[in-house]
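See structure below.
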Amino acid sequence: MKKSDARLPRLEDVAEHAGVSHQTVSRVINNHPNVSKATREKVEAAIAELGYRRNTAARSLVTRRSQTIGVLGSELSQYGPANTMLGVEQAARDAGYFVSIAALRSVSRDAIFDALRHFTDQSVDGIAVLVPHSETLKILEEYNAGVPVIAVGSLGNAAVSGAMVDQKRGAEIAVGHLIDLGHRRIGHVAGPSDWTDGVLRAEGWRNALRNAGLPHDLLLEGDWSAGSGYDLGRQLAVERTATALFVGNDQMALGILRAFNEAGVRVPDDVSVVGFDDQPESGYFTPPLTTVRQDFEELGRRCMDIMLKEIEAGAGVSSTVVTPELVHRASTAPPAASAG
């Protein structure tokens, strides 16, 4: 078949031209991993030669699916939400779905409802909601989208599925590391109290100290920014009430490190510091930051696994949890009295 033929090439034409089954062509088009490199290249060459294009409109008529996932996000200037968004988007594309993205300027019931209506008007097959605020899940319960909805950053509930990194466990790992080093006075610089992640990380900090029989009264709240970390770091440098700090994210830890450096507080000699996220620059802080790494790609894959089971198999709501890991660098050490 030539490009000049009146009839547009079909998937079956590509399969015949490449000498493979139409199922193999479908796997290549949908970026399925179980296709050899040689076969993929042969199919891609046939697609290019024939000028084949997916007829998504025709497919939608047959399957009654748009092959589109709606992704609703907020606070995308922050490292965690932005990379969670990228992880979900990539996983959706890998599964052969297009992605329609809406970003909230403000978080409210009306704003979330408007965005959900926008997606349902587009006839999306499912919606992933990345709005890490404490009221999000309650708002989602009120809206009947008619398609699977995944609350990313939450365990979900009886009405809405959830996919999250175990924030509380990540905090417990961070604090446990400091306790193992010999620290007994460990403070926490938390994220905002209306953020789910901030609340869960604070709970994990508190649980780890309580279980070790240690005081858990040194809690300060920032706003995730390096600026708020800097301001709180200046306060902590004067008070010197802790030998170690668990900081709610790497950005605030960056501000604290600068404030400590300016005040002559040595890290980790005087105070050990642990962050959360493991953003790409964390290994280049002064000193390189010990932190908790979140696997955003794995979170995206888990989210889409749940979504596809609901879309394609009619599965009920469910939840999945990704366990974070500690990345040990130079910002933590035993307290001075225990050193040597």
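Residue 315 sits among other residues whose Cβ lies under 11 Å from its own Cβ, and their net charge, with Lys and Arg +1 and Asp and Glu -1, is -2. Over all projection directions, the Cα-based convex hull of region 167-295 averages an area of 6.8 nm². Projected over all directions and averaged, the alpha-carbon convex hull of region 224-331 occupies 7.8 nm². Between residue 107 and residue 120, the simple spin-label model (points 7 angstrom out along Cα→Cβ) gives 2.2 nm.
So for 169, 302, 266, what's the accessible-area order with a 1.4 Å probe, most first?
266, 169, 302
The listed residues 37, 309, 168 rank as 37, 309, 168 when sorted by accessible area, largest first, using a 1.4 Å probe. Projecting the Cα positions of 286, 251, 317 onto the charge dipole of region 218-340 (unit charges on Cβ atoms of Lys, Arg, Asp and Glu, taken about the Cα centre) puts 286 furthest along the positive direction.
Evaluate E = 1/(1 + (r/R0)^6) for residue 207 and residue 241, where r is the Cβ-Cβ distance and R0 equals 25 Å; express this FRET efficiency to the nearest 0.05.
Calculated value: 0.75.
Rg over Rh for the chain works out to 1.10, using Cα positions for both radii and the Kirkwood form for Rh. Between 0 and 90 degrees, the angle of helix 196-211 with respect to the longest Cα principal axis of the chain falls at about 50 degrees.
Normalised by 2.2 N^0.38 Å, where N is the number of residues, the C-alpha radius of gyration of region 90-195 stands at 1.36.
How large is the charge dipole for the chain, taken about the Cα centre, if only the Cβ atoms of Lys, Arg (+1) and Asp, Glu (-1) carry charge, to the nearest 20 debye?
Details: 34 positive and 42 negative charges, 155 e Å.
My answer is approximately 740 debye.
Considering only alpha-carbon pairs that sit under 8 angstrom and 6 or more positions apart, the relative contact order computed for the chain is 16 percent. Of the whole protein surface, residue 49 contributes about 110 Å² of accessible area at a 1.4 Å probe radius. Which residue, 133, 17, 183, tops the fluctuation ranking in a GNM of the chain built on C-alpha contacts under 10 Å? Highest fluctuation of the listed residues: 17. Using just its DSSP H runs of length 4 or more, each adding -39500 (n - 2.57), the chain gives a mean residue ellipticity at 222 nm of -14000 deg cm²/dmol after division by all residues. Of the listed residues 328, 177, the order by accessible area with a 1.4 Å probe, largest first, is 328, 177.
The values are calculated or read from the model by the stated rules, or taken from the named source; none is laboratory data. All values derive from a computational prediction rather than experimental measurement. Cβ sites come from the backbone with ideal geometry, for glycine too, and all protein chains shown count toward neighbours. The area values use the complete protein model at the heavy-atom level, side chains included, leaving out ligands, DNA and RNA. Shrake-Rupley method; radii C 1.70, N 1.55, O 1.52, S 1.80 Å.
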